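The values are calculated or read from the model by the stated rules, or taken from the named source; none is laboratory data. What you are looking at is a predicted structure, and each value in this text was computed from that prediction instead of being measured. When we count neighbours, we look across all protein chains shown, and the Cβ atoms used for this are built from the backbone with ideal geometry, even at glycine.
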Amino acid sequence: TNSRAFTAKTSCVRRRYREFVWLRRQLQRNAGLVPVPELPGKSAFFVGSTDEFIERRRQGLQHFLERVLQSAVLLSDSRLHLFLQSQLPVPAIEACVQGRGPHSVTEAILRYAMAGPAW
């Protein structure tokens, strides 16, 4: 992203669908009346190849993130920043946001950005 709201200029993280479900729930909880975009459906019945399904889901998740990043309220959520800029698992993201982790949100992002994917 080129948003000034982000600590790291670039990041590459791998997230599972269930982690996106968690993020959406957290954004809804903290956003008040601001609408949170929907996630692509989790269809058990898909006609086509697995690769096709994965690509459609990836595009849907990308669209979800693009819409989230258009909202200043959602963009201000620390969980979103950790979700996108660190490889921290969900429990560690929660601990960090609640001040129970070894690092602040910014420190966790910077440590990950300096160490790369191996952190």
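Among the residues of the range 65-79, just one is free of Cβ contacts under 8 Å to residues at least 12 places away in the same chain and polar (S, T, N, Q), namely 70.
Could you look through the range 68-119, keep only residues that are of a type in the set (Val, Ile, Thr) and at pLDDT below 90, and pick out the one that is surrounded by the fewest Cβ atoms within 10 Å (Cβ to Cβ)? Looking at the filtered set, the residue picked out is 106.
Here's the yes/no breakdown for (1) loosely packed, with under 12 Cβ neighbours inside 10 Å; (2) outside any loop (DSSP other than H, G, I, E, B); (3) hydrophobic (A, V, I, L, M, F, W, C):
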position	(1), (2), (3)
7	no, no, no
12	yes, no, yes
30	no, yes, no
41	yes, no, no
